[in-house]
Structures are given as structure tokens and as C-alpha cells.
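Participant: Here's a structure for you.
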Amino acid sequence: MIQSAQVASKFTLFTHHAKTFPDLVTALRNSMLRAGVFRNEKTAEEQVVQVLNFDIHLVKDFRGRRYIERITECIPVEDKNEYTFDHRNEKTIEGKLDKFMDNATIYFSKSTNKELYKYVNILEYHDGTYVLTNPISEHNLREMRNNMDDNDAVEFDKFILRNWGIKLSGYDNMSDDAANENIFETATETKGKRGRKPKNAEQ
């Protein structure tokens, strides 16, 4: 499933019974290791988080009601080059060693505590109603919009502007009047919506 989602399909749907998003990533990573596709845990996990765009988590309560409890977006963390070449400006051996140790500390931190992904809840079920809690990342907003026809794209633009105050650059489908109208709606309708900070991956 992971392999086909990477190269052979526009999108992939599958079911799983993990209780939390980190549990889902861990279970899929372990399945890939058991199947022999990968031998390194980090490499296997990287492949998993590149495929998991959204997790739609369904629950069944003790009354027998089934509903969507949350929709979670997976955001892969880019590996940034944070090393410096400041040692070249140092005049003493001690100064050069200090700069070397700084880079070494960064290297070992990346090797041992590498954060591969973050996850945020886009939608949550609270007290009988659905609440938008965090905006979808710009990358996924653009990917979603690029797969819509013109009419759907216009409505999508209005939706993300009204609910999150986001206007994607590079698109001119929405008129200025519509934009102004939705900016007003954003100020009046999003009061009371709950917001939660992105959660770091549990390693």
C-alpha cells in the first residue's frame, strides 16, 4: 500500500485500527520492517509519513453510535541544514574546537532525536458538533485545489478564506467582492472556534 501510494496512484484509501495518529505511523512502520521492505526504522517511518496526508478517525461509542471523531493532517518535517562554517573565522585552536563541537552536537541531535513529522487535528467532534481546530497546510491546500474544477475551486477559496483567513497566492478565480465579503464573515463567524497547536511526533 505504501509503495503503490508513492508512485502508482493519484490518491490511496485504506483502513486501519490504530487509536492515535502516532500509533498509526508506528504500526505501518513496523509492518514495513516485518515485510522486509526496509531494515532501518527511521527510513521506513520517513516513507510512511510521506504517504499519510490525512487520517479520518472514526469511533463507535457505548451507545452504538458511529461518527468521525477527528480528521488529522500529517506534516512531514523537512531536514534543514543547520551546520555553520564559523570555525573559519576563529583565530585560535580553542575557538575552532568550540565551533566543531557545536556542529557535532547538531549532528548527533539529528541522528538520535530526528523529528520526522508533526500532526494537527483539522476537524474535531465536540459536544454534538464539528469544530475546525487548525488550518490545512498550504501544500495540501494547493494539492487539493489543483484537483478541482473551476466552480469547486471558487467555493474552496471562499471556504478557506471564511474559516481560516487564508487566500492562496497565484489564483485569481475569486473576485474582490467575494473576497471582501468572506473577510467580513471570517471576523464574525470564527469566534468561538477552538484552536490547538501542532503536536510533535512521538518518537
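Participant: Restricting attention to helices (runs of 4 or more DSSP H) lying wholly within region 1-87, give those where 1 or more residues are aromatic (Phe, Trp, Tyr), in contact with a Phe, Trp or Tyr (Cβ under 8 Å, 6 or more places away or on another chain) and on the phi < 0 side of the Ramachandran plot.
Facilitator: On the way: elements: 2-7, 21-34, 41-51.
Helices (runs of 4 or more DSSP H) meeting the threshold: 21-34.
Participant: For region 136-188, give me each residue that is at pLDDT 90 or above, in a helix (DSSP H, G or I), in contact with a helix residue (DSSP H, G or I) (Cβ under 6 Å, 6 or more places away or on another chain) and of a type in the set (D, E, K, R).
Facilitator: 145, 158, 162
Participant: Only one of these conditions is not met by residue 100: (1) under 30 Å from residue 41 (Cβ atoms); (2) at pLDDT below 95; (3) touching a Lys or Arg at 6+ places or on another chain (Cβ under 7 Å). Which number is it?
Facilitator: Against the list (1) under 30 Å from residue 41 (Cβ atoms); (2) at pLDDT below 95; (3) touching a Lys or Arg at 6+ places or on another chain (Cβ under 7 Å), residue 100 comes up short only on (3).
Participant: Mind checking which residues of region 144-164 are closer than 17 Å to residue 132 by Cα and in contact (Cβ under 8 Å) with a residue 24 or more places away in the chain?
Facilitator: Result: 158, 160, 161, 162, 163, 164.
The values are calculated or read from the model by the stated rules, or taken from the named source; none is laboratory data. The structure presented is a predicted model; accordingly, all values stated were derived computationally and were not measured. All Cβ positions, glycine included, derive from the backbone under ideal geometry; neighbour counts span all protein chains shown.
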